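Notes follow once the structure below has been shown.
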Amino acid sequence: MVIAIDIGGTFVKIGLVNNAEIIVKTAIKSHPKIVFQNTIKDIEVTINNLLKSHSVAQRDIEGIGIGFPGLVDSIKMKVLSTNKKYDDSLAFNFIDWAKETYNTSVFLENDARMALLGEWQYGAGKGIDNIAMLTFGTGVGSATIINGKLLIGKHFQAGNLGGHFTINVNGALCTCGNLGCVEAEASTWKLGELLKADPRYTDSLIEGNELDFESLFKYAEEGGELSLSVRNHCLEVWSAGVINQIHAYDPELIILGGGVMKSADVIIPFIKNNVKKHAWTPWGDIKIIQSKIPNRSALLGAYYLVTKNLKN
Ligand SMILES: [Zn+2]
């Protein structure tokens, strides 16, 4: 049995996985101040409950796989850099924690990479060995597989910073320090600013509603002029983000994930059209599809990472 954990900024998903099947999974709310020391305590309580309710003994735990929203050293199992989430995790010793709490090994990886591993082995990327994935949500995450291997790089950040490729040199300052990043131009954290910066904006536009992409796409569909123009701006930004991935990594397949993909029926055709027009792929058309197992990819990716590493 593998304990799979996907740590997000809002929720932490925890599952028990055996033979690539999620036996049980649950989600807990992240600690309000996104403090890691507190979140890990909540994670422990949840794991203990799952183990108990499924009669799993400690000796049956093969290992723990953890997806983390930041840059991760996947050899020393350490968090290298955070982006305003779980900043105290930099000092956390994952190896000691797993050993002392569950007498087992732990494997840590960036959350977007975990999701891509899951999609590659069990979802949208099955059988394809050159894939770039982008996840559109609160921020924009990315990961890359080239020739059947996760792209890592010298400092563990290769393929991981697709959300921080510059797409507007006159653009806004991003949380990462760069200007005009994909996520600084179009992501959930940016959406309120984009709407409010438009002279057509009135409070009644969003009165009583969440300022999220699901509502934005709905208003745009209903003919809201401002919603439509902000939506199209975001679609252009994401298209540029995808084209950057294609030009950087030469993938056969682009997988798009994240909460924003609830509107995949609008997003995918728009991006495909832009890619057809602007991407340099003399070999043919690249496949662009949405993630197939969005709620399970990171947990199954964690399972895959643990079992693969234990085998080696
Ligand atoms: Zn950035």
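For segment 222-272, which residues satisfy the criterion of being among the small types (Gly, Ala, Ser) and either touching a Phe, Trp or Tyr at 6+ places or on another chain (Cβ under 6 Å) or not in a helix (DSSP H, G or I) (or both)? Listed by number, the residues that qualify are Gly223, Gly224, Ser227, Gly257, Gly258, Ser263. In segment 5-37, of all residues being among the small types (Gly, Ala, Ser), surrounded by 17 or more Cβ atoms within 10 Å (Cβ to Cβ) and closer than 16 Å to Gly65 by Cβ, the one that is nearest to the chain's Cα centre (by Cα) corresponds to Gly8. In segment 232-251, the residues that are not assigned by TED's automatic domain parsing to the domain that holds Asn160 never reach a residue that is in a helix (DSSP H, G or I) with C-beta atoms less than 8 angstrom apart, at least six apart or across chains.
The values are calculated or read from the model by the stated rules, or taken from the named source; none is laboratory data. Owing to the predicted nature of the structure, the values given are computational and were not obtained by experimental measurement. Cβ sites come from the backbone with ideal geometry, for glycine too, and all protein chains shown count toward neighbours.
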